[in-house]
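Okay, so here's the structure we're looking at.
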Amino acid sequence: MSITQRSDSMNSYFDGYVNASTSLNQFFKLYEKALESRNEKEVRADYDTMNTLPVLRTPSPMERQASELYTRKIFMRFQEELVGTLTFMASKAEDDGEVITYNVAKFGEDHKAYNVRFNVLEMKVTCSCQMFEFSGLLCRHILAVFRVTNVLTLPSHYILKRWTRNAKSNVILEEHASDVYTYYLESHTVRYNTLRHEAFKFVDKGASSPETYDVAKDALQEAAKRVAQVMRKEGRTPISNGKVRSHLLNDENRANYTSGYQDESLGEHMNK
């Protein structure tokens, strides 16, 4: 932290208790009062976090997930970053097959772009602003990339326990975070990105000659039949020409299928 930030933090902590004329003896007594006041505020904040629900500002599953995990104060900061993505655009700059680099900038301000590197297989992401490294919260630039890549929930390794409502307990964060809904979304994202990565390599090799093209096309058709068979056994919705047959969707599948489109209402990404 910079000296200015540290100074501001200390001034805020002792505001109303200590001033330039406070003696050393007085300081120790007033320090105890300041500490008691801080503890009382913390207890009230804990009560609000556990007993009241924050107002959600988007239909994003990620915002709902954060509201259930983070303390109220931290959630408000995260929510600000999430809503901030509405003013941001994320465009792909490079793709080496494993790490994709995005330029993220406010609409009309491409000259102020941030660089976000996303490893889709490991679900690891970094931003040139380094907000996560500094504060432990993901920035709006990374959240903007998550939106365009269909990452609907926060990966568990980006939810630091010290910012969660269970920070004071021995409850392991992953146990709380891995409810059925969150687990489905995260695992679906990993499967999607892994298959996409393998498909790109397959298409590149398959298109190299007419002979490999014919072999690759036959293999894809056979794979599509086998996937359809498994989906029918699982009672899942078949896919025809890339589109889900909506009249066959039950309530659960309809919710899963439409959740990604609801998240599109977040718009284009927020700016710093």
(message) Can you give me the distance in nm between label points at SER208 and GLU32, each placed 7 Å from the Cα along the Cα-to-Cβ direction?
(response) 7.8
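Relative to the compact globular guide of 2.2 N^0.38 Å, what is the alpha carbon radius of gyration of the stretch 61-170, as a ratio? Walk me through the intermediate numbers first.
Working: Rg = 14.0 Å, N = 110, 2.2 N^0.38 = 13.1 Å.
Rg over 2.2 N^0.38 Å, computed on Cα atoms: 1.07.
Gain in length, LEU121 to GLU234, computed as 0.36 nm per residue apart minus the alpha-carbon separation, to one decimal in nm?
Numbers: separation 113, 0.36 × 113 = 40.68 nm, distance 2.60 nm.
Length gained, LEU121 through GLU234: 38.1 nm.
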(request) Starting from the amide H of TYR114, placed 1.01 Å from N in the peptide plane, find each other amide H under 5 Å away whose residue is 5 or more places distant or on another chain. (result) VAL104, ALA105
(request) Please list the non-local residues whose amide H lies under 5 Å from the amide H of ALA93, H modeled 1.01 Å from N, same-chain partners needing a gap of 5 or more. (result) THR101, TYR102, ASN103
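Over 19 Å between Cα atoms: which of LYS73/LYS106; LYS92/LYS217; LYS73/LYS161 fall into that group?
LYS73/LYS106; LYS92/LYS217
Please compute, over every Cα-Cα pair in the stretch 73-122, the percentage with a separation greater than 13 angstrom.
On the way: 777 of 1225 pairs.
The calculated P(r) of the stretch 73-122 puts 63 percent of pairs beyond 13 Å.
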(request) Could you tell me what percent of the accessible area of the stretch 61-170 is made up of carbon and sulfur, with a 1.4 Å probe and every protein chain present? (result) 49
(request) Report, by chain and number, residues whose modeled amide H sits under 5 Å from the one on LYS124, excluding near sequence neighbours (fewer than 5 apart, same chain). (result) ASN119
(request) With r as the distance between the Cβ atoms of GLU133 and MET76 and R0 = 25 Å, compute the FRET efficiency 1/(1 + (r/R0)^6) and round to 0.05. (result) 0.75
(message) Full-extension gain between ARG162 and ASN150, please, as 0.36 nm times their residue separation minus the C-alpha to C-alpha distance.
(response) 1.6 nm
(request) Write down the accessible area per residue of the stretch 191-231 in Å², having rolled a 1.4 Å probe over the full set of protein chains. (result) 80
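Using per-residue counts of other Cβ atoms within 10 Å, averaged over each peptide, order 112-125, 195-208, 95-108 from highest down. Mind showing how you got there, number by number?
On the way: 112-125: 18.1, 195-208: 12.2, 95-108: 16.3.
Per-residue mean Cβ counts within 10 Å order the peptides as 112-125, 95-108, 195-208.
The values are calculated or read from the model by the stated rules, or taken from the named source; none is laboratory data. Note that this is a predicted model, so its numbers are computed, not measured. Cβ coordinates were reconstructed from backbone atoms using ideal geometry, including for glycine residues, and neighbour counts include every protein chain displayed. Note: accessible area is taken over every heavy atom of the protein model, side chains too, but ligands, DNA and RNA are not part of it. Shrake-Rupley method; radii C 1.70, N 1.55, O 1.52, S 1.80 Å.
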